[in-house]
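Written below as structure tokens is the structure these notes are about.
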Amino acid sequence: MKVLEGVERTQTINVKNYVNLIIGKVEKLNPNEPEFLQAVKEVFDSLVPVLVKNPIYMKQAVLEKIVEPERMISFIVPWVDSYDNTRVNRGFRVQFNSAIGPYKGGLRFHPSVNASIIKFLGFQQIFKNSLTKQPIGAGSGGSDFDPKGKSDLEIMRFCKSFMAELSRHIGPYKDVPAGDIGVGEKEIGYLFNEYKKIRGTYEATVLSVKAVGYGGSFGRKKATGYGIVYFVEEMLKDKRLSFNKSTVIVSGSGNVAIYAMEKAIGLGAKVVACSDSTGYIYDSNGVNLETIKQLKERDNKSISDYVNEHPDALFIEGCSGIWSIPCDIALPCATHNEINRNVASLLIANEVKAIGEGANMPSNLDAINLFLRNNVLFAPFKATNAGGVSVSALEMAQKSKRLIWTKEEVDSKLQEIMKDIYQTSMKASQKYGAPGNLVVGANIAGFVRVADAMITHKVINSDISID
Ligand code: NAP
């Protein structure tokens, strides 16, 4: 028995060295891409136990292959503003992995967009899409175009120019983009119309997050936010906890944040704070979601205006202060790297019970490790926010069959999917020696499905022996 343990330990050390070697190579090949490297490190660190048990993944160079995009497209997007000036932005699409289906992932329009951010988004999508058990590969894209302060006409012109190039790279069986930060139903409408004109066909499955009236799915708009809460509720249930009567803080007030708040409130929680890029509001009576929707979904205003209607509430400039408010459950739903070691320490000192990541990669590695060491229940984003892409895949299925499922049907499928992702991640965490660690569980469960498909596909050399 002791001899066996010694052998296993040696194997683990060898595999850790191998993983570190690959991470070193990735760092060398992708300098100046901190977000991408962070995303890779977070996944690869957790794969050691699965590599120890299945050395074939190393023999077949699965890590080396999975970390390299199948294709990275960068293009110019010129457009004319309302003053007749020509403006120039950069467009991107990364087609990361197509082992289990056509590339699928969002488009982000935000001034911070660059190759590193698009590659981090495309990479994490591999594992998330795999966890949904739907036939979808992974991609991501976007532009450094800032829709803020632009007129509808300017946004439409930009979208047309963006699609003029993107259209040649996408298609229902090739690559199916969706929305993300700065890209909602309105932008998808402009993009879809341009694609339709260029192709001369009505390919309803080429983009998801369409409005319901012309090919969207009921429930897609709410799916990411609702899915987060469904997942976290499962995690809480296992510890005899629930959203009911819990105090909740949500960062952001965009699509994901609003519908996470709506579902949490629906389950009996009191949401006391939310934010936008200008600052955060604290309302000890519980945030009034109708006011937030009016300000952020319809009037395009700053969240600071909330206090005009609710004078008891406070608006505080700056985003990170929101995490100093004591809460039972924190749902970071704004953007990446909102939660670092200091923020995590503050939440732990205030006795937070659970973190449900809503945004993509909202916590850095130090923060995640701190939460896990302090036994804070931690729901990682690849699992929690997979409800959005799941309902996008349901949207594709409906359009392929020319069907329309009701709100209730879509919501019940979403609930089943989120429960299944929770159970799958939990089981993988137990099987690979990290019981209850959903970061390890989600990464491994997402990896195995894609890695096995990649091994089945082998490589392209015709002289290779198939064993
Ligand atoms: P969105 O509708 O554009 O909303 C983003 C929100 O975050 C806005 O309220 C924005 O404020 C706020 N924000 C941005 N930077 C912030 C900061 N540093 N601190 C506080 N608030 C900040 O985008 P979204 O679709 O909700 O996406 C949010 C996150 O979820 C992203 O990480 C995205 O990748 C991820 N995600 C989205 C989906 C989806 O279906 N939409 C699916 C999976 C994952 P302003 O209003 O001032 O700009």
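Once the C-beta distance of Ser320 and Gln430 is scaled by a Förster radius of 41 Å, the resulting FRET efficiency is 0.70 to the nearest 0.05.
Full extension from Lys28 to Lys419: what is 0.36 nm times the residue separation minus their Cα-Cα distance, to one decimal in nm? Intermediate results must be reported in sequence, preceding the final value.
Numbers: separation 391, 0.36 × 391 = 140.76 nm, distance 3.90 nm.
Gain in length upon complete extension: 136.9 nm.
Ignoring any ligand, DNA or RNA, what whole percent of the accessible area of the chain comes from carbon and sulfur when the probe is 1.4 angstrom? About 52 percent, which is the carbon plus sulfur part of the accessible surface.
Taking every protein chain into account, the 1.4 Å probe leaves Ser320 with about 80 Å² of accessible area, to the nearest ten.
What does the extension gain come out to for Thr278 and Ser74, with contour length at 0.36 nm per residue minus their alpha carbon separation? Don't skip to the answer; put the middle values down first.
On the way: separation 204, 0.36 × 204 = 73.44 nm, distance 3.05 nm.
Result: 70.4 nm gained on full extension.
Taking N as the number of residues in the chain, what value does Rg over Cα atoms divided by 2.2 N^0.38 Å take?
Relative to the 2.2 N^0.38 Å estimate, the chain comes out at 0.97.
Could you sort out which of Lys222/Lys296; Lys104/Lys399; Lys148/Lys222; Lys245/Lys382 sit more than 18 Å apart by Cα distance in this structure? Beyond 18 Å between Cα atoms: Lys148/Lys222; Lys245/Lys382. Separation of the stretch 348-371 from the stretch 62-115 is 28 Å, based on Cα centroids. Taking all protein chains together and a 1.4 Å probe, the residues Asp328, Asp152 rank Asp152, Asp328 from largest to smallest accessible area.
Most tightly packed first, judged by the mean number of other beta-carbon atoms within 10 Å of their residues, the peptides 396-404, 429-437 read 429-437, 396-404.
Would you list the membrane-span-like helices of the chain, meaning whole DSSP H runs whose alpha-carbon atoms span at least 24 Å along their axis and whose mean Kyte-Doolittle value is at least -0.5? Don't skip to the answer; put the middle values down first.
Numbers: long enough: 2-29 (41 Å, -0.08); 115-131 (25 Å, 0.65); 220-237 (26 Å, -0.23); 407-431 (36 Å, -1.17); 438-457 (29 Å, 1.26).
Span-like helices, by this rule, are 2-29, 115-131, 220-237, 438-457.
In the context of the full set of protein chains, the chain has a per residue accessible area of 43 Å² (1.4 Å probe). The order of the peptides 76-87, 248-259, 355-366 by mean Cβ neighbours within 10 Å, most packed first, is 248-259, 355-366, 76-87. For the stretch 107-175, the fraction of alpha-carbon pairs lying more than 21 Å apart is 36 percent, rounded to a whole number.
Show Ile13, Ile228, Ile265 ordered by accessible area, largest first, where the area counts protein heavy atoms only and the probe is 1.4 Å. Please list the in-between numbers first.
Values: Ile13 95, Ile228 0, Ile265 65 Å².
Accessible-area ranking of Ile13, Ile228, Ile265, largest first: Ile13, Ile265, Ile228.
Note on Tyr83 and Leu153: the model spin-label points, each 7 Å out from Cα along the C-beta direction, lie 1.5 nm apart.
Distance between the 7 Å Cα→Cβ label points at Leu21 and Ile56: 2.1 nm. Within the same chain, aspartates and glutamates fewer than 8 places from Lys16 are excluded, and of the rest, those with a Cα less than 17 Å from its Cα are Glu5, Glu8, Glu27, Glu42, Asp45, Glu64. Taking the Cα centre of each part, how many Å lie between the stretch 161-199 and the stretch 218-243? Value for the Cα centre distance between the two parts: 30 Å.
The values are calculated or read from the model by the stated rules, or taken from the named source; none is laboratory data. What you see is a predicted model; the values in this text were computed from it and never measured. As a convention, Cβ positions derive from the backbone with ideal geometry for all residues, glycine included, and neighbour counts pool all protein chains shown. The protein model used for the area step is the full one, side chains on, heavy atoms only, and it has no ligands, DNA or RNA in it. Shrake-Rupley method; radii C 1.70, N 1.55, O 1.52, S 1.80 Å.
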